[in-house]
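A.B. asks: My structure is below; once you've seen it, I'll send some questions.
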Amino acid sequence: MLVQFIKLRNKYYKLRFSLFPASSCHQEFSSDGTKHGTLTSPHYPSPYPPNTHCHYEFFGRGKERVRLIFQDFYLYKSPDGSTDCTNVDSLQAFVNVDGRLEKVATYCGIDLPKPIMSNGPKLMLEFRGTQSSRYSRGFKISYSFVENFGINTGRQLKEFPCAFVYNSSEARNGTFASPNSPGPYPRDTECTYFFHGGETEKVHLHFTNFDVEGVSPCEAVSASDYVEFSNYMTEDNRFGRYCGQWKEFHVESERNFFKVTFRSNDRLDGTGFKAMYQFLEATDEYRAPAVHDKASKSLCIFERFLMLIILAIPQLHHQLYH
C-alpha cells in the first residue's frame, strides 16, 4: 500500500510540475521520527515568496491518523474580496481513497481553518502561492499522528478501531463528539460510543450540534453518512438513522446501556456532532443544565451593581442633608 501511494504521488507530481513550472519545496513527516510537530510556509512569519509551490507529506503507522491544527493562516487575498479559492493562493489537502489521491479541502484568504484529519495513516498538503505581499505571512500548522481520532472524552477501547466507553461510575454526565471535532469528521470512519449506567439508570443524550452529510432515511443507496442508536450491542429498530442538519434533539435509552454509532463513507463530509450525556434514574425526567455564557454573567453583575447603587442612595441622601 505504501509503495502504491508513493508511485501515485510521483505520478501526480510529474503532471503538476509539467503544467505549472515554479520554484518548489518539499517536506516529509513520518511518525517513526516524531508523533507531533510544527510546519510552516517558506520564510514564515515573513511573507512567502511569489511562485511558491510546496508539498508536505505525512506518513503514519497502523491505526494512526494525521491531525492538523492551524495556529496561523494568512494568504494573499484578492483585492476584490472574493471568497472563491480558484486561481488564488491556496492550501489544499489530499487523502488516499481506493488508490487515488482525492482532494478533501481547499483553504485560502485569512480565515483560520478548523482542524483536519486524514482517513488513514497518510495525508498530503499542497501549497501554491503565486502572489505575495508584505502581509502574506503564510501559515503555521501543528501536526500530530493520533489514534484517539481527536476524541478526548470517555475511555478508549483499544480492541476496537474506534470505540469509547462512558461509565456512570466514573462520570454521571459529560460530553462527547464526532471524530476531529470541531473540524470536519474524516472520511471512511466508524466510531462507536458505549454508555453503561447503573442497574436502575437510563441514558439521556442531548445533541446540541448536528451536521452529518446525508439525506433521510440515511441509507447506503443515498451515500449518506449517519448516526444510529441502540439499546443493545446489535441494531435496534426502535431508532432510525440520523443524518443531515439538525438544530438540536434528544434521545433516551430504555435501559441502562446505550450504543451510539457514527459512520462516514469516502465521499462528502460534514462538521459532525456535539452532544451532552447524562445518566438518570429510570424514573427521573431530564433537565437541561443551566447555560451561563459571558453575556448572561455580565448582565448578572450589572444588575447586582445597579441594586447596590439603589440601596445606597437613601443612605447617601441622609448623610448629605441631615
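A.B. asks: For the range 74-158, take the convex hull of the Cα atoms, compute a quarter of its surface area, and give me that in nm², please.
C.D. replies: 7.4 nm²
A.B. asks: Which shape class, rounded, prolate or oblate, goes with the range 39-119 when its Cα gyration tensor gives a ≥ b ≥ c as root eigenvalues, a/c under 1.5 marks rounded, and past that a/b bigger than b/c marks prolate? Don't skip to the end; give the middle numbers.
C.D. replies: Values: a/c = 2.00, a/b = 1.66, b/c = 1.21.
Prolate shape, in that a/c is at least 1.5 and a/b is the bigger ratio.
A.B. asks: Sticking with this structure for a sec: Taking the Cβ of Phe229 as the center, what net charge do the other residues with Cβ under 11 Å away carry, scoring Lys and Arg +1 and Asp and Glu -1? Could the numbers behind the result be given before it?
C.D. replies: Details: positive: Arg238, Arg241, Lys259; negative: Glu228, Glu235, Asp236, Glu252, Glu254.
Taking every Cβ under 11 Å from that of Phe229, the sum is -2.
A.B. asks: With a probe of 1.4 Å, find how much accessible area the range 55-124 has per residue, and write the answer as a whole number in Å². Intermediate results must be reported in sequence, preceding the final value.
C.D. replies: On the way: 3030 Å² over 70 residues.
On a per-residue basis, 43 Å².
A.B. asks: If Lys and Arg each add +1 and Asp and Glu each add -1, what is the summed charge of the other residues whose beta carbon sits under 9 Å from the beta carbon of Cys54? The partial results should precede the final answer.
C.D. replies: Working: positive: Arg128; negative: Glu126.
Value of the local net charge: 0.
A.B. asks: Rounded, prolate or oblate: which fits the range 148-192 when a ≥ b ≥ c are the square roots of the eigenvalues of the alpha-carbon gyration tensor, with rounded for a/c under 1.5 and prolate only if a/b beats b/c?
C.D. replies: oblate
A.B. asks: Report in % the part of the accessible area of the range 69-167 that belongs to carbon and sulfur, leaving out ligands and nucleic acids; probe 1.4 Å.
C.D. replies: 47 percent
A.B. asks: Another question, then. Could you tell me which of the pairs Lys35/Lys77; Lys63/Lys247; Lys35/Lys114; Lys77/Lys122 are separated by over 26 angstrom between their Cα atoms in the structure shown? Numbers along the way, then the final one.
C.D. replies: On the way: Lys35/Lys77 33 Å; Lys63/Lys247 33 Å; Lys35/Lys114 20 Å; Lys77/Lys122 30 Å.
Exceeds cut-off: Lys35/Lys77; Lys63/Lys247; Lys77/Lys122.
A.B. asks: Quick check: net charge around Phe239, other residues with Cβ under 11 Å of its Cβ, Lys/Arg +1 and Asp/Glu -1? Present the calculation step by step, with values, prior to reporting the outcome.
C.D. replies: On the way: positive: Arg238, Arg241, Lys259; negative: Glu228, Glu235, Asp236, Glu252, Glu254.
Once positives and negatives cancel, what remains is -2.
The values are calculated or read from the model by the stated rules, or taken from the named source; none is laboratory data. Remember, predicted model here, so these are calculated numbers, not experimental data. Counting neighbours? That spans all protein chains shown, and the Cβs are built from the backbone with ideal geometry, glycine included. The accessibility values were calculated without ligands, DNA or RNA, using every heavy atom of the protein model including side chains. Shrake-Rupley method; radii C 1.70, N 1.55, O 1.52, S 1.80 Å.
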